Ligand code: IMP
């Protein structure tokens, strides 16, 4: 186990407080990146006590693998227009930054009022510019992790904590 259920929940309390200060009066759209962020979105949004809407986008970059394929595919788009809205993108993990780069470009052209990014996990070894991520839950070693929404071949998403698994080629 890398990060316990308690640690995750405490950190989400802090993130929700910080983000509430920034977005309280902005009627934001929370955009969850499927599938990995679904647990994070569910826990995070229930800590907000101001008006917001929630939408999802699904992209894939690692079909059945622990290493990036170098390609991001849009599998499911947002249900609604986000023009002139303040957006909060919720990611489960930022690894190479490729998915984030793709999502920022894809959302940026839809003329949102603003776009903020919050990732529960971040692997700093991969040198993604920190300025591109507004809020980070935890920085973790460059290892493959599962649990709390994150999967390996579709499994382990249900674990309430984050665990590291051995890389299998
Ligand atoms: P990136 O494009 O390399 O930043 O990868 C982002 C996506 O890859 C995440 O949204 C996850 O779906 C997946 N991913 C990256 N690292 C891990 C990991 O350690 N465990 C599970 N999924 C991961």
- request: For helix 98-108, report the angle its Cα long axis makes with the longest principal axis of the Cα atoms of the chain; keep it between 0 and 90° and round to the nearest 10°.
  value: 10 degrees
- request: Taking the chain as the reference, fit the longest principal axis to its C-alpha atoms, fit the long axis of helix 5-23 to the helix C-alpha atoms, and give the angle between the two in degrees, 0 to 90, nearest 10.
  value: 30 degrees
field: Residue exposure sequence - 122, 86 - by fewest surrounding Cβ within 10 Å
entry: 86, 122
- request: Would you mind calculating the gained length between residue 143 and residue 55 on full extension (0.36 nm times residue separation, minus the Cα-Cα distance), in nm to one decimal?
  value: 28.7 nm
message: For the chain, what does the relative contact order come out to in percent, with C-alpha contacts under 8 Å and a separation of six or more?
response: 24 percent
For the stretch 1-159: rounded, prolate or oblate by the Cα gyration tensor [a/c cutoff 1.5]: oblate
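Could you grab the relative contact order for the stretch 83-169? Cα pairs under 8 Å, six or more apart, rounded to a whole percent. Can you show the working numbers first?
On the way: 142 pairs, mean separation 20.9, N = 87.
It comes to 24 percent, rounded to a whole number.
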statement: Taking 78-84, 101-107 and ranking on average Cβ neighbours within 10 Å, highest first, one gets 101-107, 78-84
query: Counting DSSP beta bridges with both partners in the stretch 26-169, what percentage is antiparallel, nearest 5?
result: 25 percent
statement: Rounded to whole angstrom, the alpha-carbon centroid of the stretch 146-167 lies from that of the stretch 1-54 at a distance of 19 Å
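Rule-based calculations on the coordinates, nothing more; no lab input. Everything numeric in this text was worked out from a predicted model, so none of it was measured. A quick note on method: Cβ atoms are made from the backbone with ideal geometry, for glycine too, and the neighbour counts reach across all protein chains shown.
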